1. If R0 is 45 Å, what FRET efficiency do you get for A89 and Q117 from their C-beta distance, rounded to 0.05?
2. Only counting other Cβ atoms within 10 Å, I'd like F152, F266 sorted with the fewest neighbours first.
3. Note down the Stokes-Einstein diffusion coefficient of the range 85-139 in µm²/s, whole number, using a Kirkwood radius over alpha carbon pairs, 4 °C, and 1.567 mPa s.
4. Just to be sure I understand: of the beta bridges DSSP finds with both ends in the range 16-310, what percent are antiparallel, rounded to 5?
5. Could you sort the peptides 190-199, 292-301 by per-residue average Cβ neighbour count (10 Å cutoff), highest mean leading?
6. What is the spin-label model distance, in nm, from L202 to A245 if the labels are put 7 Å beyond Cα along the C-beta direction?
7. Using only the alpha carbons of the range 16-310, determine the length spanned along each of the three principal axes and report them from longest to shortest in whole angstroms.
8. If the chain between E166 and W269 were fully stretched, how many nm would it gain, using 0.36 nm times the residue separation less the Cα-Cα distance?
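Computed from the coordinates by the stated procedures, all read-outs in this text should not be read as laboratory data. Because the structure is a prediction, the values reported are computed rather than measured. All Cβ positions, glycine included, derive from the backbone under ideal geometry; neighbour counts span all protein chains shown.
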Amino acid sequence: MRWNNLSDADRNAAPGLFGTDVVTRTVDTPEFRGITFHEVRARSLVNRVPGASRMPFEWTVNPYRGCSHACVYCFARRTHAYLDLDTGAGFDSQIVVKVNAAEVLRRELATGRWQGQHIAMGTNVDCYQRAEGRYRLMPGILDALTEHGNPFSILTKGTLVLRDAEAIARAARTADVSVSVSVGFVDEELWRTVEPGTPSPLRRLDVVRTLTGMGVPVGVLMAPVVPFLGDAPDQLRATVRAVAAAGAVSVTPLALHLRPGAREWFLRWLEEHHPQLLPSYRGLYGDGAYAPRWYQRRVTGQVHELAAEYGIGPVHRPGAHRFRSPAPGTGGTTPGEGRQGPGGTQLTLL
Ligand code: SF4
């Protein structure tokens, strides 16, 4: 293990790189070959989402920045630019870790100003990415939320969430708690190239199965539906069928977005793996970030029909926070549009 402690000069420079958070050290370790962890002491953790009335959540907690799940299309890539870090491979490998996350959260929940609002996690980057296996920030975060009976939701692609299944189930017995697992498709070949650092879609659906069996409501965010690669009728059917078999309480489709940051990286990947599709993508997206309204409606309609056929949802639990599709064509107002929170955190969805 190599501990690369920062020099005083680095420390002095670091707050400029990482906003108000103070970098304590940078770590490379053989168990996480190719990944560098930047450990920071955060000044604050709970972020308010600007314009939350148009989003399915108002408050978020994000203990990490950057994500080793390395999804090619990840919306959060451009948030690394605010740290002066690379939005491509750097986003996948330079992971900022708020090592004091639980301590700061506990302090913030205890202030008289906090009213116990719902907190969404995993809305910027995955809180159960590989780094969580090393840093174990989530158990402390879950404990703090549970002690305060604070409602929360988790959105993840990480099977590591099962490590904390008991804690989540315990919290769900006393507060409004839900988990959403992101599974855009079950096509193994597409998964290996476009989401190379994630557990397989079928393993993610095992998360749905296990947590549902423990009494935790789990929905599936079917995102992204990838045009021309993951949107054929038989592919949609296979995915919704698998989601239903896993016992999900809901399935919410979301077509691929190509916002700046993700767009360049995704089109580079497309050129390498499926160059024949470049003209089709140009036709569908033009210079914009969103597939046209007719396309989004078509995908949503198909998935909803399949969901009805396989008996999924809709579930209307009072206060439930389900991740919902953006209104087509609302550019700039959808969840994850990249709004910047007061803590300097941009918001996105997995
Ligand atoms: S889409 Fe989600 S899981 Fe994938 S890299 Fe981005 S934050 Fe991580």
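1. The value I calculate is 0.80.
2. F266, F152
3. Approximately 98 µm²/s, per Stokes-Einstein.
4. Antiparallel: roughly 30 percent of the beta bridges in the range 16-310.
5. Per-residue Cβ counts within 10 Å, averaged per peptide and sorted highest first, yield 190-199, 292-301.
6. 0.8
7. Projected onto its principal axes, the Cα set of the range 16-310 covers 52, 42, 39 Å.
8. The E166-W269 span can extend by a further 33.2 nm.
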